[in-house]
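*Asks:* Okay, here's the structure, questions in a sec.
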Amino acid sequence: MILSICTISFRHQLVSIEHLAKWAQQNHFQGIELWGVHAKNLTSQPEYNKDWLADYGLKITMLSDYLALNATEAKLQKQVEHLCYLAKHWGAKKIRTFAGSEASANTAEHSFARLAKTLRKVCQWMSRHDLNLVIETHPHTYADSVPATTRLLQRVACDNLKINFDALHVWESKSEIIPAFEALKQDINHLHLKNVSSAEFLSVFSPANVYSASGSREGIVPLFDGAVNYQEFITHISQHPDKSVRNIEASLEWFGDDCKKTLARDRYLIQQLQQCRDPLAI
């Protein structure tokens with residue numbers, strides 16, 4: 001597993017990209033998932049790029065943003081082209097977005113057809129840059145369940161449409177994580193790893209809350225301390241017969257406090273688990 005930190009974890013802290021790169025290197029991460037707004041705000045400092053990051057033994061594994069899928073085609077294409085430019089600048093091979101802002105069960109057929117058509121256009125624009133569009137499994141979007149995500153992939157029918165498998169949100173959809181992963185495996189090229197103490201606190205991950213500096217962090221817990229069984233899931237990944245699965249790119253998507261302490265320990269425990277040691281016994 002190629003493991004990244006997310007710059008969004010430090011969204012409310014006064015830290016530089018150089019500081020994060022040094023820290024990620026020191027703590028044996030292999031990559032950084034760069035939040036789109038951070039990438040945009042770094043354009044005035046072009047000396048920070050893929051070559052600079054490579055000096056730390058790191059790469060940008062994914063550029064994470066939010067496409068305005070309901071905008072006019074001209075406005076959406078302009079946004080996509082700018083993100084493609086940023087992705088190429090940082091050497092990223094994929095751009096993450098969400099499949100709209102409406103749950104699959106509430107999406108009318110004509111709305112689904114429009115969503116699929118729009119995503120197909122985005123994929124075609126991005127294919128010119130040899131980039132993947134990555135849809136995140138997430139509640140209150142069309143990709144909120146395995147069947148809905150599968151239907152969307154089939155309808156868009158573009159080779160460069162991939163999935164960011166957010167294990168917590170798949171669990172939130174009442175699916176078993178490992179069977180869900182196997183069902184979507186051929187289209188997954190990134191993982192988001194985070195946990196919660198119990199289902200009653202799942203609302204803590206709502207965008208309005210996590211993006212707020214004064215939002216609640218109750219229920220957000222380290223990877224191996226919560227309701228989702230990551231010991232089982234990461235063992236499944238690390239022992240998978242498919243080498244491409246064992247080498248999949250993943251991000252520790254931490255939204256709580258004590259960022260460095262939590263991320264460093266979770267990274268260490270994942271390493272122990274991959275070496276066939278029980279992290280919960282440490």
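*Asks:* Any chance you could count how many residues in segment 99-126 are outside any helix (DSSP H, G or I) and either surrounded by 21 or more Cβ atoms within 10 Å (Cβ to Cβ) or β-branched (Val, Ile, Thr) (or both)? First the steps, then the outcome.
*Replies:* Taking segment 99-126 and keeping what is outside any helix (DSSP H, G or I), we get 99-103, 107-108.
Going one step further and asking which of them are either surrounded by 21 or more Cβ atoms within 10 Å (Cβ to Cβ) or β-branched (Val, Ile, Thr) (or both), we end up with 99-100, 107.
Qualifying residue count for the region: 3.
*Asks:* Could I ask something else about it? I'm checking my understanding of the structure. Among residues of segment 247-260 that are within 22 Å of Met62 (Cα to Cα) and out of contact with any Ser or Thr (no Cβ under 6 Å at 6 or more places or on another chain), which one is surrounded by the fewest Cβ atoms within 10 Å (Cβ to Cβ)?
*Replies:* The first filter runs over segment 247-260 and keeps only residues within 22 Å of Met62 (Cα to Cα), leaving 247-256, 259-260.
Subset that is out of contact with any Ser or Thr (no Cβ under 6 Å at 6 or more places or on another chain): 247-248, 250, 252-253, 255-256, 260.
Numbers: Asn247: 11, Ile248: 21, Ala250: 24, Leu252: 24, Glu253: 24, Phe255: 19, Gly256: 16, Lys260: 16.
Looking at residues that are within 22 Å of Met62 (Cα to Cα) and out of contact with any Ser or Thr (no Cβ under 6 Å at 6 or more places or on another chain), I get Asn247.
*Asks:* If I ask for residues that are touching a Lys or Arg at 6+ places or on another chain (Cβ under 7 Å) and either touching a residue at least 40 places away in the same chain (Cβ under 8 Å) or farther than 27 Å from Thr118 by Cβ (or both), which ones from segment 147-187 would you list? Full working, then the answer.
*Replies:* Within segment 147-187, the subset touching a Lys or Arg at 6+ places or on another chain (Cβ under 7 Å) is 156, 158, 162, 164, 168, 187.
Val156, Lys162, Asn164, Leu168 - these are the residues of segment 147-187 that are touching a Lys or Arg at 6+ places or on another chain (Cβ under 7 Å) and either touching a residue at least 40 places away in the same chain (Cβ under 8 Å) or farther than 27 Å from Thr118 by Cβ (or both).
*Asks:* Specify the residue that is surrounded by the fewest Cβ atoms within 10 Å (Cβ to Cβ); the eligible residues are those in segment 270-281 that are modelled with pLDDT under 95 and assigned to a helix (DSSP H, G or I). Break it down stepwise before answering.
*Replies:* Step one: list which residues in segment 270-281 are modelled with pLDDT under 95, which gives 271-281.
The next check asks that each one be assigned to a helix (DSSP H, G or I); those that pass are 271-274, 279-281.
Details: Gln271: 14, Gln272: 15, Leu273: 22, Gln274: 17, Pro279: 20, Leu280: 11, Ala281: 6.
Checked segment 270-281; the qualifying residue surrounded by the fewest Cβ atoms within 10 Å (Cβ to Cβ) is Ala281.
*Asks:* I'd like to know if segment 229-240 contains one or more residues that are over 23 Å from Leu34 (Cβ atoms), touching a strand residue (DSSP E or B) at 6+ places or on another chain (Cβ under 7 Å) and buried (at least 17 other Cβ atoms within 10 Å of the Cβ).
*Replies:* Yes.
*Asks:* Evaluate the following for Gln79: is it out of contact with any strand residue (DSSP E or B) (no Cβ under 7 Å at 6 or more places or on another chain), within 23 Å of Ile188 (Cα to Cα) and of a type in the set (S, T, N, Q)? Walk me through how you get there before you give the answer.
*Replies:* Working: out of contact with any strand residue (DSSP E or B) (no Cβ under 7 Å at 6 or more places or on another chain): yes; within 23 Å of Ile188 (Cα to Cα): no; of a type in the set (S, T, N, Q): yes.
It is false that Gln79 is out of contact with any strand residue (DSSP E or B) (no Cβ under 7 Å at 6 or more places or on another chain), within 23 Å of Ile188 (Cα to Cα) and of a type in the set (S, T, N, Q).
*Asks:* Here is a follow-up. Name the pairs whose Cβ atoms lie under 9 Å apart, with the first residue in segment 80-107 and farther than 22 Å from His192 by Cα, the second at pLDDT below 95 and surrounded by 21 or more Cβ atoms within 10 Å (Cβ to Cβ), and 6 or more positions between them or separate chains?
*Replies:* Filtered contacts from segment 80-107: no entries.
*Asks:* Within the bounds of segment 245-258, is there any residue that is out of contact with any strand residue (DSSP E or B) (no Cβ under 9 Å at 6 or more places or on another chain) and within 17 Å of Leu3 (Cβ to Cβ)?
*Replies:* Quick first cut of segment 245-258, residues out of contact with any strand residue (DSSP E or B) (no Cβ under 9 Å at 6 or more places or on another chain) only: 246, 258.
Within this subset, residues satisfying the condition of being within 17 Å of Leu3 (Cβ to Cβ) are 246.
Yes, because at least one residue in segment 245-258 is out of contact with any strand residue (DSSP E or B) (no Cβ under 9 Å at 6 or more places or on another chain) and within 17 Å of Leu3 (Cβ to Cβ).
*Asks:* Condition first: surrounded by fewer than 18 Cβ atoms within 10 Å (Cβ to Cβ) and either on the phi < 0 side of the Ramachandran plot or touching a Gly at 6+ places or on another chain (Cβ under 9 Å) (or both). Now tell me which residues in segment 49-68 satisfy that. It would help to see each step written out before you state the result.
*Replies:* Here is the first cut: in segment 49-68, the residues surrounded by fewer than 18 Cβ atoms within 10 Å (Cβ to Cβ) are 49-52, 54-57, 66, 68.
Correct list: Asn49, Lys50, Asp51, Trp52, Ala54, Asp55, Tyr56, Tyr66, Ala68.
*Asks:* Quick check, is Leu184 crowded, with 21+ Cβ neighbours inside 10 Å, in contact with a Phe, Trp or Tyr (Cβ under 8 Å, 6 or more places away or on another chain) and not β-branched (Val, Ile, Thr)? Write out each step before concluding.
*Replies:* Working: crowded, with 21+ Cβ neighbours inside 10 Å: no; in contact with a Phe, Trp or Tyr (Cβ under 8 Å, 6 or more places away or on another chain): yes; not β-branched (Val, Ile, Thr): yes.
So Leu184 fails the test.
*Asks:* Okay, moving on. Considering each residue of segment 189-199, count those that are in contact with a helix residue (DSSP H, G or I) (Cβ under 8 Å, 6 or more places away or on another chain) and surrounded by fewer than 20 Cβ atoms within 10 Å (Cβ to Cβ), and give that number.
*Replies:* 2
*Asks:* Can you tell me which residue within segment 36-76, out of those that are in contact with a strand residue (DSSP E or B) (Cβ under 8 Å, 6 or more places away or on another chain) and hydroxyl-bearing (Ser, Thr, Tyr), is farthest from Thr137 (Cα to Cα)?
*Replies:* Restricting to residues being in contact with a strand residue (DSSP E or B) (Cβ under 8 Å, 6 or more places away or on another chain) and hydroxyl-bearing (Ser, Thr, Tyr), the top hit is Thr61.
*Asks:* Only one of these is at pLDDT below 95 and over 30 Å from Ala113 (Cα atoms): His28, His38, His12, His19. Name it.
*Replies:* Numbers: His28 fails: at pLDDT below 95; His38 fails: at pLDDT below 95; His19 fails: at pLDDT below 95.
None of the other options fit; the residue is His12.
The values are calculated or read from the model by the stated rules, or taken from the named source; none is laboratory data. Since the structure is predicted, the reported quantities are computational estimates derived from the model, not experimental observations. Because the Cβ atoms are built from the backbone with ideal geometry, glycine has one as well, and the counts that use them run over all protein chains shown.
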